[in-house]
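Chemist: Please read through the structure below; I'll follow up with questions.
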Amino acid sequence: MRDATRVASGDAALWADILAANATALAPLLTELRADLATAAEALSQLSTAATDPAATAEALADLTALLQRGVEGRARITPPYNDPASRPHTMLSVALGDHDRPLSRLLDDVDEARLELDDVDLAGLAPHRPDRRGAGTAADSVGLKVAPGVARPLTEALRDRGWAVR
């Protein structure tokens, strides 16, 4: 449960920005997830009350198994970066967020405007949220950007041109 809910311990404003930027893609997925959760809840409810009814137990287990199998199949369709993460090199750029207003949102917009492929974002360098920060970064805040080696130099230059401190 801790691993599955790790994001919940993050900065709510930051994740609101990330979700808002991806609302068009996420809304239908969350609608489907809501239906799947309802199916799981109903099956578990049946299992908790149907201990004496073998047919109801079998039906609930079949519903859960089908739902979990769809999850296995869906997960298998997600291709890891470069088809094998261990086989392709990458470069990690560290970008200092500074005191910008809504820094991560602005950084991701600038990466998007550079039209260069970003493989992953590492948020481990962000300081814990403090209520008085209002989404602004501190000098200590940084974000890691994982990119292919050929993308590192042009992305570094593009971000520096937009005022970011990149290492």
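The values are calculated or read from the model by the stated rules, or taken from the named source; none is laboratory data. These numbers come from a predicted model, not from an experiment. Cβ coordinates were reconstructed from backbone atoms using ideal geometry, including for glycine residues, and neighbour counts include every protein chain displayed. Accessible surface areas use protein heavy atoms only, side chains included; no ligands, DNA or RNA. Shrake-Rupley method; radii C 1.70, N 1.55, O 1.52, S 1.80 Å.
Chemist: Whether any residue in segment 65-77 is at pLDDT below 65 and not β-branched (Val, Ile, Thr) is what I want to check.
Modeler: No, because not a single residue in segment 65-77 is at pLDDT below 65 and not β-branched (Val, Ile, Thr).
Chemist: Taking the residues in segment 1-16 that are open to solvent by 60 Å² or more (accessible area, probe 1.4 Å), among the small types (Gly, Ala, Ser) and without any contact (Cβ under 8 Å) to a residue 12 or more places away in the chain as candidates, determine which candidate is farthest from LEU67 (Cα to Cα).
Modeler: That would be SER9.
Residues are listed down the side, and each one gets a yes or a no for (1) at pLDDT 70 or above; (2) farther than 12 Å from LEU107 by Cβ; (3) out of contact with any Leu (no Cβ under 9 Å at 6 or more places or on another chain):
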residue	(1), (2), (3)
ALA124	yes, yes, yes
ARG133	no, yes, yes
ALA136	no, yes, no
VAL143	yes, no, no
PRO154	yes, yes, no
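Chemist: Report, by residue number, each residue of segment 151-167 that is within 10 Å of VAL95 (Cα to Cα), open to solvent by 80 Å² or more (accessible area, probe 1.4 Å) and not in a loop (DSSP other than H, G, I, E, B).
Modeler: Start the filter on segment 151-167 by keeping residues that are within 10 Å of VAL95 (Cα to Cα), which leaves 156, 159-160, 164-167.
Pick out the ones that are also open to solvent by 80 Å² or more (accessible area, probe 1.4 Å) and you get 160, 167.
The answer is ARG160, and nothing else.
Residues checked against (1) part of a helix (DSSP H, G or I); (2) aliphatic (A, V, I, L, M); (3) open to solvent by 60 Å² or more (accessible area, probe 1.4 Å):
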site	(1), (2), (3)
ILE18	yes, yes, no
ALA43	yes, yes, no
SER48	yes, no, yes
THR52	no, no, yes
LEU64	yes, yes, no
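Chemist: Kindly evaluate ASP3 against the criterion of being out of contact with any Cys (no Cβ under 6 Å at 6 or more places or on another chain), part of a helix (DSSP H, G or I) and within 28 Å of ASP122 (Cα to Cα).
Modeler: It is false that ASP3 is out of contact with any Cys (no Cβ under 6 Å at 6 or more places or on another chain), part of a helix (DSSP H, G or I) and within 28 Å of ASP122 (Cα to Cα).
Chemist: Go over the candidates THR24, THR39 one by one and state the one that is of a type in the set (S, T, N, Q), modelled with pLDDT of 90 or more and either open to solvent by 80 Å² or more (accessible area, probe 1.4 Å) or not in a helix (DSSP H, G or I) (or both).
Modeler: Only one candidate passes the filter, namely THR24.
Chemist: Taking interchain pairs and intrachain pairs at least six residues apart, which have beta carbon atoms under 7 angstrom, with the first residue in segment 61-80 and without any contact (Cβ under 8 Å) to a residue 60 or more places away in the chain and the second surrounded by 10 or more Cβ atoms within 10 Å (Cβ to Cβ)?
Modeler: ASP63/THR39; ASP63/ALA43; LEU64/ALA40; LEU64/ALA43; LEU67/ASP36; LEU67/THR39; LEU67/ALA40
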